[in-house]
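For reference, the structure discussed in these notes is given below.
The values are calculated or read from the model by the stated rules, or taken from the named source; none is laboratory data. Nothing here was measured: the structure is a model prediction, and the numbers come from that model. Cβ: placed from backbone, ideal geometry, glycine included. Neighbour counts: every protein chain shown.
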């Protein structure tokens, strides 16, 4: 009777060899693509779970009601003015022209790949957010009169999505162009702060439920990750091929 040798794929030595290969110049391309794919899957699952939870409860969750009711006590003229000023940073009227400026600047400096990445992040994410709004058609909050007038649907928040796309896209461009840890860290911190502030103002002004802005951030992060992963993958693969030729 003939026996067939089965490779020991689970041996520690084989795993160490595999992991070391992922961190070589050749293996890093595949590792980056795998990490990006995994992150996109996690974000998509979180968004789907949040959407199911919201609409299983007929559009309004206890969390939404309690947060919106609690925020009303912080209303005041000074806070209202600050919220209106900050929320502009996530509006289409500001971000679409700002996107053209950023794309033009990147082209002017010769960063064509980054320019395409940034344009794809903002415009593609905006289209995705618009489709989702129509698909879910969730009503706006009505616990108290909103401080801003909006005519579109509520889920996901357009301002939270656009802020994540724009400032997250800027952070992705910086991460693509710079390898300096300080620059990367400061960029990520500033982008995160602006995104969270814009998201908060949407609930403060009565334009959105809390789950609306969380969904918007998830959608924005998903699309930024898709575009950034694709760009880095192509750039690293191009560099690898050029060095190998």
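Residues in the range 167-189 that are at pLDDT below 85 and not in a helix (DSSP H, G or I): 2 in all. Among the residues making up the range 88-103, those that are assigned to a helix (DSSP H, G or I) and either surrounded by fewer than 17 Cβ atoms within 10 Å (Cβ to Cβ) or at positive phi (or both) are 88, 92, 93, 94, 96, 97, 98, 100, 101.
Would you check if there is a residue in the range 133-154 being touching a helix residue (DSSP H, G or I) at 6+ places or on another chain (Cβ under 8 Å), buried (at least 22 other Cβ atoms within 10 Å of the Cβ) and in a helix (DSSP H, G or I)? No, every residue in the range 133-154 fails to be touching a helix residue (DSSP H, G or I) at 6+ places or on another chain (Cβ under 8 Å), buried (at least 22 other Cβ atoms within 10 Å of the Cβ) and in a helix (DSSP H, G or I). Note on the range 54-81: residues that are without any contact (Cβ under 8 Å) to a residue 12 or more places away in the chain and in a helix (DSSP H, G or I) total 8. Inspect the range 104-126 for any residue being buried (at least 18 other Cβ atoms within 10 Å of the Cβ) and more than 19 Å from the chain's Cα centre (by Cα) and give the result as yes or no. Yes: the range 104-126 contains one or more residues that are buried (at least 18 other Cβ atoms within 10 Å of the Cβ) and more than 19 Å from the chain's Cα centre (by Cα). When you go through (1) modelled with pLDDT under 75; (2) over 30 Å from residue 126 (Cα atoms); (3) surrounded by 10 or more Cβ atoms within 10 Å (Cβ to Cβ) one by one for residue 10, which number turns out not to apply? If we test residue 10 against (1) modelled with pLDDT under 75; (2) over 30 Å from residue 126 (Cα atoms); (3) surrounded by 10 or more Cβ atoms within 10 Å (Cβ to Cβ), just (3) comes out false. When the range 92-106 is filtered for residues that are in contact (Cβ under 8 Å) with a residue 60 or more places away in the chain, touching a helix residue (DSSP H, G or I) at 6+ places or on another chain (Cβ under 6 Å) and under 18 Å from residue 213 (Cβ atoms), only 95 remains. Just wondering, is there one or more residues in the range 19-38 that are within 25 Å of residue 194 (Cβ to Cβ), surrounded by 12 or more Cβ atoms within 10 Å (Cβ to Cβ) and at pLDDT 80 or above? Among the residues of the range 19-38, not one is within 25 Å of residue 194 (Cβ to Cβ), surrounded by 12 or more Cβ atoms within 10 Å (Cβ to Cβ) and at pLDDT 80 or above, which makes the answer no. The residues of the range 190-202 that are over 13 Å from the mean Cα position of the chain (by Cα), buried (at least 24 other Cβ atoms within 10 Å of the Cβ) and either modelled with pLDDT under 90 or farther than 20 Å from residue 62 by Cβ (or both), listed by number, are 198, 201.
For the residues 52, 56, the requirement of being at pLDDT below 80 and either more than 15 Å from residue 206 (Cα to Cα) or loosely packed, with under 14 Cβ neighbours inside 10 Å (or both) singles out 56. Please work out if residue 78 is over 19 Å from residue 215 (Cα atoms) and modelled with pLDDT of 80 or more. Spelling it out, residue 78 is indeed over 19 Å from residue 215 (Cα atoms) and modelled with pLDDT of 80 or more.
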